[in-house]
Structures are given as C-alpha cells and as structure tokens.
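These notes concern the structure reproduced below.
The values are calculated or read from the model by the stated rules, or taken from the named source; none is laboratory data. Just so we're clear, the structure is a prediction, and the values are computed from it rather than from any experiment. When we count neighbours, we look across all protein chains shown, and the Cβ atoms used for this are built from the backbone with ideal geometry, even at glycine.
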DNA sequence: GCTCCACCGGAATAAAAGGGAA
DNA sequence: TTCCCTTTTATTCCGGTGGAGC
C-alpha cells in the first residue's frame with residue numbers, strides 16, 4: 001500500500017511553474033497594449049485627488065478585451081497613489097452578475113464600507129438612506145469620495161432598470177465607472193437618468209493576433225519554465241483567439257488547457273496539436289457547464305431545439321413550442337416564458353435567432369438555429 | 001407581517017414583407 | 001411599378017403570486 005495518494009501524483013511533475021498567472025482573473029503588473037485606455041481612466045480620476053468627484057466613465061468592449069483588468073489596474077494605482085495623500089478615496093468593485101438588483105448593489109456597497117445591511121426586510125429607501133449616511137463619514141475634515149466600478153452593468157440594467165444609476169448619480173460624492181459589453185446599453189437608461197449620467201466613454205478594441213502574442217508571451221514567462229512551449233504554440237493560440245473577436249481570455253484559456261493536456265499526457269513540452277485538442281475541450285466544457293446550471297424548463301426547450309435540429313426541421317417558434325409541450329408532458333409554461341428562455345439562450349450564445357416575415361397572410365416568425373455542436377449538446381443534456 | 005424578487009402569464013402593441021390594388 | 005394592407009407572431013408592458021429573509 002503506497003503512502004498518501006497525493007504523494008504519487010505530486011511527483012508526477014508538471015509543465016506549469018505558476019498556473020494561476022494564466023487565469024483570466026489574474027492581474028499582471030503590466031497590461032500590454034492597454035496603456036492608452038488606462039491612462040484615459042486615470043485622467044478622468046485625477047479630479048478625485050483634488051477632492052472633486054470625478055466624472056462618470058463608461059468602458060465598452062467585447063469579452064476578453066481587458067476591460068475589467070484595466071479598470072482594476074487603474075483602481076489599484078489610484079489607491080496606491082492616494083494612500084499618503086490627505087484625501088480619502090474609496091474604490092469598490094462590483095460585478096453585476098453577482099449583485100443583480102439595485103437593492104443588492106447598494107446593500108453590498110454598505111457592507112463593503114462597514115455598515116451591515118440585511119439582504120431582505122428593509123425597503124429600498126432604507127438601504128439607500130443607510131448608504132448615503134455612510135458616505136457622510138468625514139476624513140481630514142472632508143467627505144470621502146467613492147468610486148464604484150460596476151462590471152457588466154448591462155446585466156443589471158436589463159434586469160432591474162436604471163434605478164441604480166438614478167440613486168448613484170444623485171449622490172454627490174460618488175463616481176461610477178461602468179463596464180459594458182454592448183455599446184447600446186444606454187437604451188436601458190431613461191432620459192431622466194441619462195441627463196444626470198454624464199459619462200465619458202472609453203472604447204476597448206479587440207486585440208489583434210500580434211497583440212495576443214505579446215500578452216501570451218508575458219504570461220507564459222510567469223506560467224512556464226523555459227523551453228516548455230514549442231515555438232508554434234503561442235502563435236496558434238493567438239490566431240485562434242483572434243478569430244474569436246480578439247478574446248484574450250480565450251487565448252489564455254487555450255494556453256492553460258494545452259498545458260493541462262500536456263500534463264495528462266506526461267509530456268515535457270506543449271505542442272501545437274495540444275492547442276487544437278484544448279480548443280475542443282474548452283468548447284465541450286463551456287457547453288456542459290452552462291447547461292448543467294440551466295433550469296429544467298430551459299433544458300427542455302433546448303432539448304426540443306436539439307430534437308428538431310436532428311430531424312433537420314427548420315425551427316420556427318410555433319413548432320418549437322409544440323415540440324416543447326410534447327416533451328414536457330403537461331408540466332409546461334406559457335409561450336410567453338419560452339420567449340424569455342429563447343432570449344436567454346441566445347444571450348448565452350447557444351442558439352441564434354432570426355425573425356423574418358413571411359408576408360401577407362403568413363405573419364412573422366422566428367427562425368432558431370443551434371450555435372453549438374450537436375454532439376456536445378446531446379452529451380451535456382443527457383449526461384446530467 | 002413586511003419587503004424583495006424570481007417566476008409567471010395575459011393583454012396590448014409593434015413589425016415585416018408578400019400580395020394586391022392603383 | 002409603387003405603395004398600402006393584411007396577417008400572424010414577436011415583443012413589450014405590466015401586474016400577480018409565493019418563497020425567503022427579517
């Protein structure tokens with residue numbers, strides 16, 4: 001009987017020196033090709049050091065363009081710089097996928113600033129009052145300045161309306177840095193709020209293949225020992241990610257997964273073919289994870305879509321609902337609900353829809369197409 | 001008992017584009 | 001050919017219900 005099971009596994013060795021630096025949440029000391037954007041943020045925030053509430057700032061850009069990293073980077077720099085100055089600046093980061101309503105965000109802010117607030121039971125007004133009360137705290141004889149980063153704000157606005165912006169913009173020592181994936185997220189903001197939300201916009205363009213190579217290069221120095229990577233690995237990861245709209249997160253994922261595959265195969269080096277393998281694996285995991293967290297009814301909808309796709313039927317919304325009713329056997333929700341599900345599935349990128357009109361007498365319809373691999377979906381759906 | 005909020009569905013309204021009138 | 005009409009469904013609006021934390 002061998003000793004501890006971990007002992008044997010630990011001895012196996014690994015291509016990684018520091019795997020964490022390939023995590024997309026890892027914040028490196030240097031963000032290649034984002035200096036301009038970070039400086040732009042810093043310029044707007046300069047006011048805070050003079051004790052003026054900075055303008056609100058909005059960052060746009062697709063997934064994996066470094067928005068969150070740049071914002072956090074700027075935030076840390078500001079904190080460092082302000083530390084020994086006679087000005088009290090607080091910066092708080094909130095991801096709106098974790099705090100999905102105005103109430104939750106405000107309550108979270110109170111918590112972060114040391115005021116305990118219950119999750120439920122209080123009215124929205126009470127929480128807002130508590131929040132404003134905390135902000136009255138004076139340091140060096142002046143009020144503190146609060147900079148709130150609202151990451152993925154489009155989710156919050158879509159879910160809960162623009163109340164959060166209304167509240168925050170009307171609190172005078174608060175500045176908002178919002179991060180959005182979509183340029184048109186302002187359509188969720190009503191004009192009465194928009195007038196007080198005078199934001200400066202910063203756009204984060206997708207990374208090009210060469211820029212991705214630079215990023216991966218820096219990270220791989222942290223993550224791997226020398227001469228682990230074969231020369232074509234990084235360019236391959238970069239090229240694949242560049243195709244995915246310049247998504248650096250995806251590029252890092254590819255590199256990390258390739259490394260894991262190398263470990264599994266007990267290979268001393270990472271080869272180009274492993275990147276291709278990694279690509280399939282990531283796709284597979286993404287879909288499987290996503291689907292396992294979906295509510296039952298939504299899975300049924302997806303099942304219906306899969307069934308119709310396999311039968312090579314053109315999927316229109318009416319037919320989809322029929323199929324769904326068949327599959328769900330009585331335990332159904334209304335078409336109204338399915339409509340929302342379809343939207344959510346589209347947001348997740350599993351399906352895509354195209355509404356067309358068939359002309360006079362035939363009306364409108366939605367054509368739905370599956371965006372992910374049939375086989376992967378089938379596995380994910382029936383393996384749970 | 002109060003509030004928030006996720007989930008739900010009915011009803012009203014908007015939209016697209018082929019068909020048919022001019 | 002042009003332009004408006006029709007149809008059917010997409011989409012929005014809005015209010016109800018019930019569980020959960022307090």
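The helices (runs of 4 or more DSSP H) located wholly in the range A:252-371 that include 3 or more residues which are more than 16 Å from DNA strand C (Cβ to nearest atom) and without any contact (Cβ under 8 Å) to a residue 24 or more places away in the chain occupy A:272-292.
Taking the range A:64-86 as the range and being in a loop (DSSP other than H, G, I, E, B) and either under 16 Å from residue A:31 (Cα atoms) or in contact with a strand residue (DSSP E or B) (Cβ under 8 Å, 6 or more places away or on another chain) (or both) as the test, the residues that pass are A:64, A:65, A:66.
One residue stands out among those in the range A:184-193 that are within 24 Å of the chain's Cα centre (by Cα) and part of a helix (DSSP H, G or I): the one that is farthest from residue A:168 (Cα to Cα), which is A:184. Against the test of being within 23 Å of residue A:76 (Cβ to Cβ), at pLDDT 85 or above and touching a strand residue (DSSP E or B) at 6+ places or on another chain (Cβ under 9 Å), the options A:164, A:144 yield a single qualifying residue, A:144.
Just one of (1) crowded, with 17+ Cβ neighbours inside 10 Å; (2) assigned by TED's automatic domain parsing to the domain that holds residue A:355; (3) at pLDDT 90 or above fails for residue A:241. It is (2).
Residues in the range A:195-228 that are in a helix (DSSP H, G or I) and in contact with a strand residue (DSSP E or B) (Cβ under 8 Å, 6 or more places away or on another chain): A:220, A:223. Are any residues in the range A:130-149 under 24 Å from residue A:45 (Cβ atoms) and within 16 Å of DNA strand B (Cβ to nearest atom), and if so, which ones? Selection gives A:131, A:132.
Counting the residues of the range A:1-20 that are farther than 14 Å from residue A:259 by Cα and assigned to a helix (DSSP H, G or I) gives 7. Filtered by the rule that a residue be in a helix (DSSP H, G or I) and more than 8 Å from DNA strand B (Cβ to nearest atom), the range A:87-129 gives A:105, A:106, A:108, A:109, A:110, A:111, A:112, A:128, A:129. Against the criterion of being under 28 Å from residue A:281 (Cβ atoms), within 16 Å of DNA strand B (Cβ to nearest atom) and surrounded by 13 or more Cβ atoms within 10 Å (Cβ to Cβ), residue A:345 qualifies.
Considering A:186, A:158, the condition of being in contact with a strand residue (DSSP E or B) (Cβ under 9 Å, 6 or more places away or on another chain), surrounded by fewer than 21 Cβ atoms within 10 Å (Cβ to Cβ) and at pLDDT below 85 is satisfied by A:186 alone.
Condition check ((1) within 16 Å of DNA strand C (Cβ to nearest atom); (2) closer than 30 Å to residue A:208 by Cβ; (3) in contact (Cβ under 8 Å) with a residue 60 or more places away in the chain) across all residues:
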position: A:73; (1), (2), (3): no, yes, no
position: A:89; (1), (2), (3): no, no, no
position: A:117; (1), (2), (3): yes, no, no
position: A:123; (1), (2), (3): yes, no, no
position: A:132; (1), (2), (3): no, no, no
position: A:141; (1), (2), (3): no, no, no
position: A:149; (1), (2), (3): no, yes, yes
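Per the listing A:275, A:287, the residue uniquely in contact with a helix residue (DSSP H, G or I) (Cβ under 6 Å, 6 or more places away or on another chain) and more than 15 Å from residue A:22 (Cα to Cα) is A:287. Scanning the range A:355-384 for residues that are within 13 Å of DNA strand B (Cβ to nearest atom) and under 14 Å from residue A:305 (Cβ atoms) yields A:366, A:367.
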